[in-house]
1. Sorted by packing (mean other beta-carbon atoms within 10 Å per residue), highest first, where do 126-134, 74-82 land?
2. How much mean residue ellipticity at 222 nm does the chain get from its helices, if each DSSP H run of length 4 or more adds -39500 (n - 2.57) and you divide by all residues, to the nearest 500 deg cm²/dmol?
3. If each residue of separation counts as 0.36 nm, what is the full-extension length gain between Ser164 and Val211 once their alpha-carbon separation is subtracted?
4. Would the chain count as rounded, prolate or oblate if I go by the C-alpha gyration tensor, calling it rounded below 1.5 in a/c and otherwise prolate when a/b exceeds b/c, oblate otherwise?
5. Indicate the helices, whole DSSP H runs only, in the chain that combine a mean Kyte-Doolittle hydropathy of -0.5 or more with a Cα extent along their long axis of 30 angstrom or more.
6. Check cross-link reach from Lys136 to the aspartates and glutamates: straight Cα distance under 16 Å, and skip same-chain residues fewer than eight apart.
7. Which of the aspartates and glutamates could be linked to Lys125 by a straight reach, that is with a Cα gap under 14 Å, when you skip same-chain ones fewer than 8 residues away?
8. What does the net charge come to around Arg66 if you take all other residues with beta carbon closer than 13 Å to its beta carbon, with K and R at +1 and D and E at -1?
Amino acid sequence: MSGTRNILVIGSDTREGAGNERYGPESARRNAGQRSDTIMIVHIPADRGKATAVSVSRDSMVRIPRCGTEPARLDMINSAYAKGGVSCLRATLEKLTGLRLHHTVDVDFNGFKTMVDALGGVTVKLPRPVDDAAAKLKLPAGESVLNGEQALGYARLRHYGDGSDIARIKRQQALVLAMLKKAQRQLVADPAKLKAFLGEMRKGVRTDLSVEEMYELGRQLQEVEMSVAAVPWEPYPGNPNRIQWKQPAATALFDSLK
């Protein structure tokens, strides 16, 4: 796999599929559907020198193009996925960013747990304890190694810090970065372990990448420096609980990835 690659990574909160039905409030489980709980664009340049994962707040108010029977509209970006699926979210982000998104990786709750457990857990460091019944998570302050179930609770944690989606994005970025770095250290240098991990990962995600393509990409990323960023934002005037992309900073960020 050569050339620049932009991969859309979606963390879905769907309750459909084995292992997903027991998460979230009863209303969410009863009204089964899917929302993009996490949205990231992973940019991998052609020279494989540095990869950047750009997080997009699901609370972003954006212009969504017509998708199937759904008309073009101004709405929260996660509604593109909820109403039009992966293809609509992909088309929306391509139009907004000017980037071509070459592949998609759609991970549900159970798939995320499988990935973390296949890595042997992931380490996080907390400034204060967590005791959140909604996330089914209780952790001490300081460093903890999380298994798949705990890491999922941490990724979904809402009642921690200031409770904002932006703060949650920062925690998710740190979690994903820790997972990527562990994979680089422990898996990429060992082809057999990497193939076994990718085989497990492939069972838990929906993607247009084959196991062989993921293996080749993983091998290429052995020495790549990973960094994270978030789309610059500002409050959305029409609703204090929503945000909008701050310009021209947002455009400049995506232009830097072309």
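1. Result, highest mean first: 74-82, 126-134.
2. My calculation for the chain gives -11500 deg cm²/dmol from helical runs alone.
3. Going from the current span to full extension adds 13.3 nm.
4. rounded
5. Long hydrophobic helices here: 165-186.
6. Asp13, Glu21, Glu26, Glu149
7. Output for Lys125: Glu143.
8. Computed value for this residue: +2.
Taken together, the values in this text are just the output of simple stated rules run on the coordinates, not laboratory data. Here the structure is a predicted model, which means the values were calculated and not measured. Reconstructed Cβ throughout: ideal geometry from the backbone, glycine too, with neighbour counts over all protein chains shown.
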